[in-house]
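K.L.:
For reference, the structure I am asking about is given below.
Bear in mind that the values in this text are calculations on the coordinates, not laboratory data. Since the structure is predicted, the reported quantities are computational estimates derived from the model, not experimental observations. Here the Cβ is made from the backbone with ideal geometry for all residues, glycine too, and neighbour counts use every protein chain on show.
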Amino acid sequence: MLDSRSSTSSPAASRTVGHLVISPATVHDVRRLADIEFHAFEGERINQQLSYRDYTKPEHFERTVSSYAKCLGDPDSFDSQPKHANRPRSDSKALEPAKSTSTISFLKVTDTETDEILSFAKTEIKQYSQEELIQPADVGHEDEPQMNRDWFALNERLRRGYVGLAKHCCESSMSAKHMASLKILTKRPDIGMLATQPCYQHNGAGTMLLNIVLTEADEAGVEVILESTDTAKPLYERHGFVAVTEIRFSPAAYGVYGLGTERQTVMVRGALNEDGQRREVKAWEKAMEQTSAVSSM
């Protein structure tokens, strides 16, 4: 998403283009990364409320800082997600998210002339088990307001439906998953976040990051999946992504008016075959049918 390892770095080494350098981000960068993300979403009023990116609410910012610090292995990070005890499950007991084997990667672009981070990318490789395909989609979000809980659950259901048992990546804001001893059918990376500080956009930093992610995916022969805003969609189309479905969500259904409807596009970039030909992207309906068949077994 422009505005989608547990390790603290990417396999990509530091790379330089002019005075811009790409390197792995560290836990010491998390506040700057969160700052970039929040400014990148400053014009997205709906997403600010749905995904906790409202800069006027310090608890939103600290939530993201804590989440990124955890992903990067900070033992002192804490869970800053807001709690709302008035939203319990019907069984009065929230389900514990299963443990997972996942690989989260943070890359940053730094301007060597100012030593300032301008842009960053986050990806996560993970795999659902058959058990996870049938568990509630809002696991890990039960204590949040119903609107946010349903928003995250909608994204999770759509992602599960398309990727099925395939190894893939997703945003770290989703609940942790565990990987069962199932055969890996394929690998399907997903870009969880690609963001550039607005005042530094259109200088090539975001494209540098995207090119590295896509080059590594092509070298591995895997698909890449992401959820794009309308603003980012043309960029991804230029890099070979194909729209497979749309996500629409209206806060008005929860009594939150004046924001309109949030719309994102699920996009997939086909993997390269050994002969260098890009595979055709699977149709949304076909992928959903296959996942439904597997989850009902």
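K.L.:
What FRET efficiency do you get for residue 286 and residue 237 if R0 is 25 Å and r is their Cβ-Cβ distance, rounded to the nearest 0.05?
P.N.:
According to the calculation, E is roughly 0.70.
K.L.:
Work out the FRET efficiency for residue 275 and residue 215 from their Cβ-Cβ distance, taking R0 = 22 Å, and round it to the nearest 0.05.
P.N.:
So, using R0 = 22 Å, E works out to roughly 0.80.
K.L.:
Which pairs break 27 Å Cα to Cα here: 233/282; 108/286; 70/108; 70/282?
P.N.:
108/286; 70/282
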